Amino acid sequence: MLPDAEQLLENLSRQLEPFIAEGAALVGIHSGGAWIASRLQQSLGGDLGTLDISFYRDDFSRIGLHPQTKPSNIPFDVEGRHILLIDDVLYTGRTVRAAMNELFDYGRPARISLAVLVDRGERELPIEAQAVGVRMTLKPGQNLELLRDAAGHFNLKLHEEISE
């Protein structure tokens with residue numbers, strides 16, 4: 001049974017209240033992290049930006065460009081700012097590394113904190129979230145996807161690789 005994504009969002013929101021009170025800006029990673037950041041901004045306030053890291057991925061030359069590339073949008077000054085980087089699922093850490101690389105193209109933040117809905121472990125890079133909705137372990141071949149319905153409500157879906 002997967003956890004309720006809406007409840008995880010509430011947990012995450014409570015953890016992030018002190019960061020927003022101190023003036024941190026929310027930056028969501030497309031697409032799930034951008035969805036989460038937008039919802040968090042509705043409840044917490046603060047500045048909101050989004051990143052599409054497609055061109056910053058270390059596997060770009062191997063997998064090519066994602067067909068749904070979106071422009072990044074950081075409508076505030078990053079220089080000297082505390083940035084709350086938001087993503088849906090933290091796994092290897094490579095997505096977060098790519099997002100930080102792109103973020104530094106906008107300026108040098110004073111601090112970057114990471115918030116994720118789900119931390120599934122199994123890092124390949126030394127990256128850790130400061131705010132987490134839930135930590136869970138998946139079996140090999142399983143992947144987790146955040147879905148958003150027409151009303152904007154979140155659900156988690158588990159995908160399993162079919163072994164032949």
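Could we say that residue 54 is at pLDDT below 95 and in contact with a His (Cβ under 7 Å, 6 or more places away or on another chain) here? It is true that residue 54 is at pLDDT below 95 and in contact with a His (Cβ under 7 Å, 6 or more places away or on another chain).
Summed over the stretch 19-43, residues that are in a helix (DSSP H, G or I) and either more than 16 Å from residue 114 (Cβ to Cβ) or modelled with pLDDT under 95 (or both) total 7. For beta carbons closer than 6 Å, sequence separation of 6+ or different chains, a first residue in the stretch 12-34 that is under 12 Å from residue 53 (Cα atoms) and touching a residue at least 40 places away in the same chain (Cβ under 8 Å) and a second that is of a type outside the set (Val, Ile, Thr) and in a loop (DSSP other than H, G, I, E, B), the qualifying pairs are 30/52; 30/70.
Considering only the stretch 127-136, I want to know if a residue exists there that is charged (D, E, K, R), out of contact with any Leu (no Cβ under 8 Å at 6 or more places or on another chain) and closer than 21 Å to residue 12 by Cβ.
Checked against the condition, which is being charged (D, E, K, R), out of contact with any Leu (no Cβ under 8 Å at 6 or more places or on another chain) and closer than 21 Å to residue 12 by Cβ, the stretch 127-136 yields at least one hit.
The values are calculated or read from the model by the stated rules, or taken from the named source; none is laboratory data. Since this is a predicted model, take the numbers as computed values, not measurements. So basically every Cβ, Gly included, is an ideal-geometry build from the backbone, and we count neighbours across all protein chains shown.
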